[in-house]
Each structure stands twice: as structure tokens, then as C-alpha cells.
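I have placed the structure first, in the form of C-alpha cells, so that the comments after it can refer back to it.
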Amino acid sequence: MSARMQSLRGAFAAVFILVLAGCATSSMSPSGGMGQSPIDAARTAAAQGDYNRAAQLYSQAAVNARQPEAQRSYRLEAGLAAAQAGDAQTARRMLGNIDPGTLSDVDHARYNLAQREIAIADLPPGEALSHLPPPARNTAPAVAERVWGKRASLQFANNNIVAGIKALVQRDAWLDDNAAMRANDERIYDKASDAIGLGIGPDSPDAANADQTTRGWLALANIGETQYSSADARDKALAQWQQDYPGHAANRDVLPRRFNYDNTMSVTPTERGMPQGGPGNAQVSAPNGQVALALPMGGQFQNAAQAIRDGFEFAYQNNSAGLPKPLFYDSSNQGASALAQRATSDNIGVLVGPLDKSKVGAMAGQSLSIPEIALNTIDQPVARNGFYQFGLDPADEAASAARHALDKGYQNALVLVPRGDWGDRVLDGFRKTFNGEGGRLVDYRSYDGSAHDHSQAIQQLLGNGNQRAADFIFVAAQPTQARLIRSQLKYYHAADLPMVSTSHSFSGQVDPGSDIDLDGVYFVDMPWLLGSGGTIERLRREAASAYGDEATSYARLFAMGMDAWVLARRAAQGDLTAGQPLEGMTGVLKPEQSGHITRYLGWAVFRNGRPQTLSMPGLSDARNTPNFATGTGKAESSSTPASGNNGAPMSERDSYAPDSDNGAGDQWSSGARN
């Protein structure tokens, strides 16, 4: 069976590659003529799956091209082909002289995708998947279909055949060429046949969380692999299949071609961004109040894990709600299956964790029937009910920054983000929220996060009349880079252009000597760092006294641990409901229908090198999304309750205090710092 499968995979990979090559070269102007030009030869090589040959031909075309624009286009295609081939060295060389800031939006996205493919080339498939998230709904189709195709290949390499088929089902939604759709259908059917050969059918445990379209492919392949007594018997099975899976994509070509079955049924297009059937995040009741926290207490995440664990313990000690003491699992050397089995054997009611992204993705596919609060976020849709994703997601911070900027009356934005996955995520979070709520992104550029001179990116961003058209600039940067960028903006006569950032521009430690360069810069951050007075100030003192460096140097992670306990406690009590926000130390937390816990953050500005709080997030901010703006005068005085929720239930932030010390006198204040 393996030889036949490899042969079929190779054949249809060639067709699949042809589709990608056609999309990838859409921005080029190749030579015409009746003969085969070097560009035509490159396309042919890509169609045959010879990406190394394609990269060589595109490279030669770049050398021979007379126009600089053509040279750049061919070098880009050469780099993309090399990245597909897994030739990271050639890809880096070809892409190294290309400034992504000068590319069109689509080519810039393709460039970034190639960089990701380079970065994950030597990673295990499971880890590589965590670095290649699914595309957003507004992604260019030529990019999105390639991402889904790559994710499918990684899932197959990771021996997760159903997930691979689901990825190809999503790829279909982004294809707009009939030949490409047919080639994708053929690949899906062959993979579904492979699955049947491995004993994975539509009703198998592996397909328990599969969407309807994926199950339909498995069911059809099962018919194809079954020996029937007659053609009539088989056709009867196919007719029943059509009733069970109306509008299925296999009606397009696979059914008539593979089965010689007359078909008049239309095909229902797959929705972009979400497999049919959607996320399954219906509320799940905890069978008991026992909570377990799974964290990697060894390895590269151990410092972060320790800070989260300390915050979790601290919050439990302050308000246990009568629940038993949590259990702790070291997930350093435990895979998703082992964690799920241990939670089941220990009769756990609510599982919190894991922390690392790849394990979160793996846990999402487990068949646990208890609520789980994962401590990281993944981008692929999750079908499992009761699976929540909570983390310090930079996209949430960018979205909060966008809403606060709109609150302030800013309508036109310039954006500067670092190159790479993190910058792309921030840009996407900002753009979707800012554009979606009435703002306009004038232009954006990316910068090298390892460099100190950002003059080229800044000048390009401010040029072409962009500075005059913009109300402000949104910058995503760590503290040192934020200070450099602010100074360089002043040098290029943009001192009067307001700068907005995420919490990453603030180290978390008040440092007037260094942060004087950030004076006037607005940023978002969590209540644990911005709040003052009452309960929150007392809790910070107690945390610093009990946990020292874990509570101060890792303050944001410590606060994340505190909120993880509140979410777990809510889940154990059956009170964690989609659309119902609660106030925490990392922000106002809103469980979404997808299971993602969205954070809404406070608003601050640097004055004399010190962060000064302007306003704190309230429940109304989350309830009013997407119309976040609440009008002018949002900043609250120290005598105003921070929630500002007009009679809403007591703030969750006060529930960190012991049950006997939960009165109004402990209400924390959001007034400006001195």
C-alpha cells in the first residue's frame, strides 16, 4: 500500500504544485513567445515538483533581466521556490536583498510566508505547525491557499491524516480556479482512501471532531474501498451518501470521474476561515471542583511556568471559593495524550494548561469531556467543547490599542511592526479591529528587530504624503526598540505625530532615566501594572513579599497565573460563559464563542519617563465590542470604581481578596499615578 500511496501522492503533488506556481507568479511579467522561455521552464519545473530547478531558473532569469523591477520579481520567485523546496540557504540568499517594505501587500505576505517556511524547515512537523498559523479571513487567496496546503503537508507528516484532510478542505475555500479545485479534490480523496486503509473512517475516534465535509470525504472513500456485489449496490450507497452529505465538494469532479456516477447535485462552497460545522465551544460542566494545573517546570519555559504557578497559588490562597487545593502536573516530558489520560485517571474537574503552543494545539484534539483552560492561543478552529484559550496574546493588545486610538478620535493610522511572525500577528490584530471599527490604515512597514537604525523603514512609511494623511502611528516594539523608534521619528520631523504602542514598549519596571525617550507615547497594559490603591496595591505588596522576583520581574506572567485561577474557579462553578465578561488582573476577560479569552486593557501614557494611567478597562468595554468607544472623558478619578459598569456585579479583581475582606473599602482605583 505504501508504494501505491507514494506514487499517487507524487502525481497529485505535481498538479498541486502547478496551482501554487500559477498563483505565486501572478505578479510577474514573464517572456512570451511560442517556445518555452526560462520563466515557462521554471513554471514547468514547479509543476513537476522540482522546486530546486524552478529556483535555479528564476535565479538565472533575474541575472538576465534588464529592468530592476523584473530582477526583483524573479529573485522573489526564486526565493519562494527555494523555500518550498526546503533549501533554506538559497531562499535566504535570494530573498536577502529584497526589502519587504517595498513590496505590495500580497507580495509582502508571500515573502513573510517564505520566511516562515525557511524558519520551520528543520523543525519537527508538530512544532512547525505551531509556527504556521491558519490565515485570517482577509488574507490574500494566493497566500491563504498556500498556507493551508503547507499545513496539510505538515499534518500528514505528523501522522495526523484527518487534520491534514481538514486543512485541504479549508484550502478549497481559497481556490478560485476550477483546475486547482479539481486537483485539490483528487488529493483529498487519495488521502481519505489512505485513511480508510489505516482503519480511520467517518465514525472512528480520529474523526470524532471532524467537520461534516471531512467526514463526507472519509465516507466516500470508504465506499470506494468497499467491494460491492454489483454496480447497482454501489450506486445505491452513493445515492445514500449524497443524501447524507448534500452539496459536498466531491460532487464537483470526484464522483463522476472516480465512480463514473452521473451527478446533478450542486456544490456548497466552504466558508473561508472556519471548517464547516464551526467551533464546538458549547459550555461543558465540570464533574467536580478538583482543578489541576499543567506547566513545563523544566526547559525553556520553566521561568515563565514558575511565575504563572506562583500567581495561580497566590490567587487560590486569597479566594479558594471552597474548592480543593489544586493539583500540579509537570508537563515538560508529557505529551497531550499522557496529560489527558492523567487528568482522567485523577478524576480532574477542570484542567488548566498546558503552556507551550504545540501542546495546546495537540490538547485541542483530545477527547476530554471536562473544561480546559489552555495557557496559550492557537489559530486553527477547535471543535472540542469546553476548550478555552487564555494567554497574553499580542493580537489582543493590538486590538485594544486600536480601540483606544479610536476613542481618542484618531481615524488614520500608520503602522510600524517588526518583521516575522510576532509582527505579523500584531499587524493583523490591529488592522482587523481598526479597519473594522471605522478607522483607516494609511500604510505600514516592517523593520529589523535586531537592528538599531530604522531610518529606511521610517522614511518610507512617512513618505508619499503618508505623514500628512495620518493622525498617529502605531508601533509594536520592545522597550529598547520603542525608544529608538521614537527618537528617530523625532529626527525625521514626526515629533508631533502621536505614537501608540502595546504593553511591550513598557518593561514593567518604572525607569524614568530610560523611558524619558518615550514621553508622550500612549500604550495599553494590564490592571495589575496600571491600577493603584485599595485591593490591587495591597495584593501587589503581598505578592512581592511572598514570591519576590517571580511577582515583580515576571509581573505580567504572575498576573496571568492569578487570572488562570479565576477562570478555572468560574469553570468549576459552571459560571464561565461565552459573551459574559469578567474583570481580572490581566484585563477584562471575555470568553468568546470560539473559546478564545479576549483581553481588554487599560490606557496609559509616559510622562516624565513614568507611566501614568489614564483609564482602566471595564465590563462595558467588552460588552460594547465592536463599538468600543464610550465617548470622551473616559479617564476616571481615583474615587470612581474602576469597573465603571453602572451597577454590574462586584469586580472579579476584588475577589482575589480573602472572602472576609471583600468590601467596598478594598475597591481598587484607576486614578493617575503621581
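The values are calculated or read from the model by the stated rules, or taken from the named source; none is laboratory data. Computed from a predicted structure; not experimentally measured. Using ideal geometry, Cβ is built from the backbone for each residue, glycine included, and neighbour counts are taken over all protein chains shown. These area figures cover heavy atoms from the full protein model, side chains too; ligands, DNA and RNA do not enter into them. Shrake-Rupley method; radii C 1.70, N 1.55, O 1.52, S 1.80 Å.
Tabulated data for the structure shown
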{"quantity": "Peptide ranges 78-89, 529-540 listed from the most packed, as the mean C-beta count within 10 angstrom indicates", "calculated": "78-89, 529-540"}
{"quantity": "Amide H contacts of residue 327 (H built 1.01 Å from N, under 5 Å, at least 5 apart or other chain)", "calculated": "291, 292, 293"}
{"quantity": "3J(HN,Hα) from dihedral phi, segment 350-362, Karplus parametrisation 6.51/-1.76/1.60, rounded to Hz, x for glycine, proline", "calculated": "9, 9, 10, x, x, 9, 6, 4, 5, 6, 4, x, 5"}
{"quantity": "Straight-distance crosslink candidates among aspartates and glutamates, where the alpha carbon sits under 16 Å from residue 166 and sequence neighbours closer than 8 are dropped", "calculated": "145, 185, 186, 190, 194, 203, 206, 211, 271, 379"}
{"quantity": "Percent carbon-and-sulfur accessible area, segment 309-396, ignoring ligands, DNA and RNA, probe 1.4 Å", "calculated": "43"}
{"quantity": "Per-residue SASA entry for residue 228, accessible area with 1.4 Å probe, Å² rounded to 10", "calculated": "80"}
{"quantity": "Overall form of segment 484-579 per C-alpha gyration tensor (a/c, 1.5; a/b vs b/c)", "calculated": "prolate"}
{"quantity": "Segment 141-159-segment 289-340 distance, computed between alpha-carbon centres (Å)", "calculated": "33"}
{"quantity": "Local electrostatic count, residue 348, Cβ distance below 11 Å [Lys/Arg +1, Asp/Glu -1]", "calculated": "-1"}
{"quantity": "Separation of alpha-carbon centers, segment 566-601 and segment 435-492, rounded to whole Å", "calculated": "33"}
{"quantity": "Residue-level accessible surface for residue 500, protein heavy atoms, 1.4 Å, Å²", "calculated": "0"}
{"quantity": "Net charge contributed by nearby residues that have their C-beta within less than 12 Å of residue 60 (K/R +1, D/E -1)", "calculated": "+1"}
{"quantity": "Charge context of residue 413, other residues only, Cβ under 10 angstrom, K/R +1, D/E -1", "calculated": "0"}
{"quantity": "Tensor-based shape of segment 417-504 (alpha-carbon gyration tensor, a/c under 1.5 rounded, otherwise prolate or oblate)", "calculated": "oblate"}
{"quantity": "Listed residue pairs exceeding 26 Å between alpha carbons, taken from 150/359; 150/590; 150/191; 357/432", "calculated": "150/590"}
{"quantity": "P(r) tail fraction, segment 82-186 - alpha-carbon pairs more than 20 Å apart, %", "calculated": "42"}
{"quantity": "Segment 523-602 shape via C-alpha gyration tensor axes, a/c threshold 1.5", "calculated": "prolate"}
{"quantity": "Ordering of 65-73, 254-262 by packing [mean C-beta count within 10 Å, highest first]", "calculated": "254-262, 65-73"}
{"quantity": "Alpha carbon centroid spacing (whole Å) that separates segment 393-422 from segment 212-266", "calculated": "48"}
